[in-house]
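Data block below; observations after.
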Amino acid sequence: MLPVAGAASALWIVVAALSGAVAVALGAFAAHGLDLSTTAGVKAREWLQTGSHYAMIHALAMIGVVVLVRTGGLSGGGFATAAQVLFAVGCVLFPGALYLMAFGAPRWLGAVAPIGGSAFILGWLSLAVAAFLAK
């Protein structure tokens, strides 16, 4: 796993920033670029908005972990790193599955979204443990 502290923190900021950029772009597309006169367009909008919402929250969470580690609020070790990895995995799997379905991928990809949601939950629990163990 990539450590959260030191030079690797810049990488986490890049990952978070890219996730945030994708969230904004696809959220904007959901708001302005879909044909909402069809059921498929309405459903695609819902998927894009939900995915964008969760991706943005977790992009900010990844940046928050970097800040907490840099300011000494968390140690840069195991659980903080696990939180970062789990947030990043969640950002790929949960919103990613919704984004792909919105653009016509098979609906069975919806089964991937709960795996990403579980990664988000585990990331928050890892962050809680990291905070509890911080000195």
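Full extension of the chain segment joining residue 36 with residue 135 gains 30.4 nm, where the gain is 0.36 nm per residue of separation less the Cα-Cα distance. Angle of helix 78-102 to the longest C-alpha principal axis of the chain, folded into 0 to 90 degrees and rounded to 10: 0°. With axes computed from alpha carbons, what is the tilt in degrees of helix 8-32 against the longest principal axis of the chain, rounded to the nearest 10 within 0 to 90? In the chain, helix 8-32 runs at an angle near 20 degrees to the longest axis. Sorted ascending by nearby beta carbons within 10 Å, beginning with the fewest, 38, 50 become 38, 50. Rounded to the nearest 10 degrees, the inclination of helix 39-70 to the longest alpha-carbon principal axis of the chain is 10 degrees.
One way to sum up the overall shape of the chain is the equivalent ellipsoid from its Cα gyration tensor, whose semi-axes run 31, 14, 10 Å, largest first. For segment 121-135, 3J(HN,Hα) computed residue by residue from phi via the Karplus equation (6.51, -1.76, 1.60; θ = phi - 60°) reads 4, 5, x, 5, 5, 5, 5, 4, 5, 4, 5, 4, 7, 5, 8 Hz, glycine and proline entered as x. Per-residue ellipticity at 222 nm, computed for the chain from helices alone with -39500 (n - 2.57) per DSSP H run of at least four residues, works out to -27000 deg cm²/dmol.
The Cα-based radius of gyration and maximum Cα-Cα distance (Dmax) for segment 33-94 are 16.3, 51 Å.
We did not get these values from a lab; they are worked out from the coordinates using the rules stated. Quick caveat, the model's predicted, so the values are computed rather than measured. In this analysis, Cβ positions are derived from the backbone assuming ideal geometry, glycine residues included, and neighbour counts consider all displayed protein chains.
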